[in-house]
Amino acid sequence: QVQLVESGGGLVQAGGSLRVSCAASGRTDSRVAMGWFRQAPGKEREFVGAVTWGGETAYYADPVKGRFTISRDIAKNTMYLQMDSLKPEDTAVYYCAQSGKLIATTERAYDYWGQGTQVTVSS
């Protein structure tokens, strides 16, 4: 079993930055992908970005490409999502997830999910 816990959400002004974290515990595998998704009010959950466990390969959704960066601290079993140049449309609950695949960009490919952390960007 894998437990994922997000933290670091909050309120930030447009143009600002925020970093959210995802701490993993339990059974982890160095060959799995880790991803970030988000869900805005009234909308479906959408893919934000994903990275291989070792951090060698990363993918980002077009709306966040160039503004968001995923990083990993293997020793701490923690993944980070650095969000820069934030926009009001980035407001959502952000979820981290773990997949059994080497890399994955679709929600159905992820087996374990955190509880989410709220990010609110004011205009």
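Data overview
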quantity: SER85, sole failed condition from (1) modelled with pLDDT of 95 or more; (2) among the hydroxyl-bearing types (Ser, Thr, Tyr); (3) touching a strand residue (DSSP E or B) at 6+ places or on another chain (Cβ under 8 Å); calculated: (3)
quantity: Any hit, the stretch 37-45, residues being open to solvent by less than 20 Å² (accessible area, probe 1.4 Å) and part of a strand (DSSP E or B); calculated: yes
quantity: Restricting the stretch 100-123 to residues that are touching a Leu at 6+ places or on another chain (Cβ under 9 Å) and polar (S, T, N, Q), the residue that is most open to solvent (accessible area, probe 1.4 Å); calculated: GLN115
quantity: Residue satisfying all of: in the stretch 85-99; open to solvent by 30 Å² or more (accessible area, probe 1.4 Å) and more than 14 Å from the chain's Cα centre (by Cα); nearest to GLY42 (Cα to Cα) among these; calculated: GLU89
quantity: Residue check for ILE70: surrounded by 17 or more Cβ atoms within 10 Å (Cβ to Cβ) and part of a loop (DSSP other than H, G, I, E, B); calculated: no
quantity: Some residue of the stretch 39-57 being among the hydrophobic types (A, V, I, L, M, F, W, C) and free of Cβ contacts under 8 Å to residues at least 24 places away in the same chain; calculated: no
quantity: Of residues in the stretch 2-33 being open to solvent by 30 Å² or more (accessible area, probe 1.4 Å), outside any strand (DSSP E or B) and more than 22 Å from LYS87 (Cα to Cα), the one modelled with the highest pLDDT; calculated: ARG27
quantity: Complete set of residues in the stretch 54-67 that are of a type in the set (A, V, I, L, M) and assigned to a helix (DSSP H, G or I); calculated: VAL64
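Residue-wise test of (1) touching a residue at least 24 places away in the same chain (Cβ under 8 Å); (2) in contact with an Asp or Glu (Cβ under 9 Å, 6 or more places away or on another chain); (3) not β-branched (Val, Ile, Thr).
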position: THR91; (1), (2), (3): yes, no, no
position: SER99; (1), (2), (3): yes, yes, yes
position: ARG108; (1), (2), (3): no, no, yes
position: SER123; (1), (2), (3): yes, no, yes
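The values are calculated or read from the model by the stated rules, or taken from the named source; none is laboratory data. Quick caveat: nothing in here was measured; it's all calculated off a predicted structure. So basically every Cβ, Gly included, is an ideal-geometry build from the backbone, and we count neighbours across all protein chains shown. In case anyone asks, the SASA skips ligands and DNA or RNA and just uses the protein heavy atoms, side chains included. Shrake-Rupley method; radii C 1.70, N 1.55, O 1.52, S 1.80 Å.
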